[in-house]
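Heads up: the structure comes next, in structure tokens.
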Amino acid sequence: MTIQWFPGHMTRARRQIQDKLKLIDVVIELLDARLPVSSRNPMIDEILQGKPRMILLNKSDLADAKVTQEWIDYFKKEGITAFPVDASTGTNVKDIPVQAKLLLKEKIDRQLAKGVNPRAVRGLIVGIPNVGKSTLINRLAGRSIALTGDRPGVTKGQQWIKVGKEMELLDTPGILWPKFEDQNVGYRLAVTGAIKEEILNAEDIAYFAISYLMRYYWNALEERYGLEDFSKDADDSDSVIAIMEKVGRIRGCIVSGGRVDLEKASRAFLRELRAGKMGRFSMEAPY
């Protein structure tokens, strides 16, 4: 299955980014710490070639801390500065301007040697929809400037935002690539809310998420929904459906005849998972 999703504003965003690149000193690439590969747009490499870059693993408070550290080590081996942040609470956000200056140290030193007082660092923030760009910008700026929301597509234009006297940021709309040839990429993004549920069926998304948690985070799933007597076989579709039905009964998703409304149960499950109600989890590891 190939998932197509490329709204017109994303085409414009790509063009606008390319037009602004000459003004940019450093690129700040925001990824979801729970799925750094699936939330990393491969088109960005084409657009931003040659620019100094740092990677921020956002929503790190929702990700498995051990796996996040493995990703930091992985990117370090690739020669890329990466560190976890939590835009919602501000964890490590203050380190961003510091790390940006470190990336540009040689350039700044050359300017100082010539007697030139360096201007504020100009950073470009890029990332897929709903990865937390606007929340991060508001946190850095110390006030509400960028629109935020828990759905993709909130940011539709570009704006320059001052971060104290040391940094200026250019916000951009989130850009997804034209299609997901690997259906698992689409499902991972849907699990975390990066793409709209209209693209993929809510039941399919929840089925995918429950199967994954059964395989790697069974204890958290078991504790949340009281699954002591349930099978842990993630490859058994009947076991997955049984868990979905248990969730539906616990959350009151019942229709006439005492049946479980699986779509309503799926949406309830996904809301709880995205809100961290089942603890920290990561859906991708580097090794």
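The values are calculated or read from the model by the stated rules, or taken from the named source; none is laboratory data. Treat the numbers as computed from the prediction; the structure is a model and nothing was measured. Glycine gets a Cβ as well: all are built from the backbone with ideal geometry, and neighbour counts include every protein chain shown. What goes into the accessible areas is simple: the full protein's heavy atoms, side chains included, and nothing from ligands, DNA or RNA. Shrake-Rupley method; radii C 1.70, N 1.55, O 1.52, S 1.80 Å.
A few notes on this one:
- Counting only helices (runs of 4 or more DSSP H) that fall entirely inside segment 53-125 and contain at least 2 residues that are farther than 24 Å from THR135 by Cα and at pLDDT 95 or above, the qualifying elements are 65-77.
- Scanning segment 40-80 for residues that are among the basic types (Lys, Arg), more than 18 Å from SER282 (Cα to Cα) and buried (at least 16 other Cβ atoms within 10 Å of the Cβ) returns a single hit, ARG53.
Results for (1) assigned to a helix (DSSP H, G or I); (2) open to solvent by less than 10 Å² (accessible area, probe 1.4 Å), shown as yes or no for each residue.
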residue: LEU169; (1), (2): no, yes
residue: ASN184; (1), (2): yes, no
residue: ASP204; (1), (2): yes, no
residue: ASN219; (1), (2): yes, no
residue: SER231; (1), (2): no, no
residue: VAL240; (1), (2): yes, yes
residue: LYS264; (1), (2): yes, no
residue: LEU270; (1), (2): yes, yes
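- Restricting attention to segment 96-125, the residues that are surrounded by fewer than 15 Cβ atoms within 10 Å (Cβ to Cβ) and touching a Pro at 6+ places or on another chain (Cβ under 6 Å) total 1.
- Residues satisfying the stated conditions in segment 249-270, i.e. modelled with pLDDT of 95 or more and either of a type in the set (A, V, I, L, M) or under 19 Å from ALA220 (Cβ atoms) (or both): ILE250, ARG251, ILE254, VAL260, LEU262, ALA265, SER266, ALA268, PHE269, LEU270
- Residue check: GLU197 meets all listed conditions (1) over 27 Å from ALA33 (Cβ atoms); (2) surrounded by fewer than 20 Cβ atoms within 10 Å (Cβ to Cβ) but one, namely (1).
- A search for C-beta distances below 8 Å between a residue of segment 114-141 that is within 20 Å of LYS22 (Cα to Cα) and any residue that is at pLDDT 90 or above and in a loop (DSSP other than H, G, I, E, B), counting only pairs 6+ apart in sequence or on different chains, returns VAL121/ASP25; VAL121/LEU104; ARG122/ILE24; ARG122/ASP25; GLY123/ILE24; GLY123/ASP25; LEU124/ILE24; GLY127/SER39.
- Residue count for segment 81-95 under the criterion of being surrounded by 14 or more Cβ atoms within 10 Å (Cβ to Cβ) and more than 18 Å from the chain's Cα centre (by Cα): the result is 1.
- The set of residues in segment 242-262 being part of a loop (DSSP other than H, G, I, E, B) and either open to solvent by 60 Å² or more (accessible area, probe 1.4 Å) or within 26 Å of VAL67 (Cα to Cα) (or both) consists of ARG251, ARG259.
- Within segment 126-142, being within 15 Å of SER60 (Cα to Cα), open to solvent by 20 Å² or more (accessible area, probe 1.4 Å) and assigned to a helix (DSSP H, G or I) holds for one residue alone: THR135.
- Residue count for segment 14-25, restricted to those that are crowded, with 21+ Cβ neighbours inside 10 Å and either within 13 Å of ALA194 (Cα to Cα) or not charged (D, E, K, R) (or both): 1
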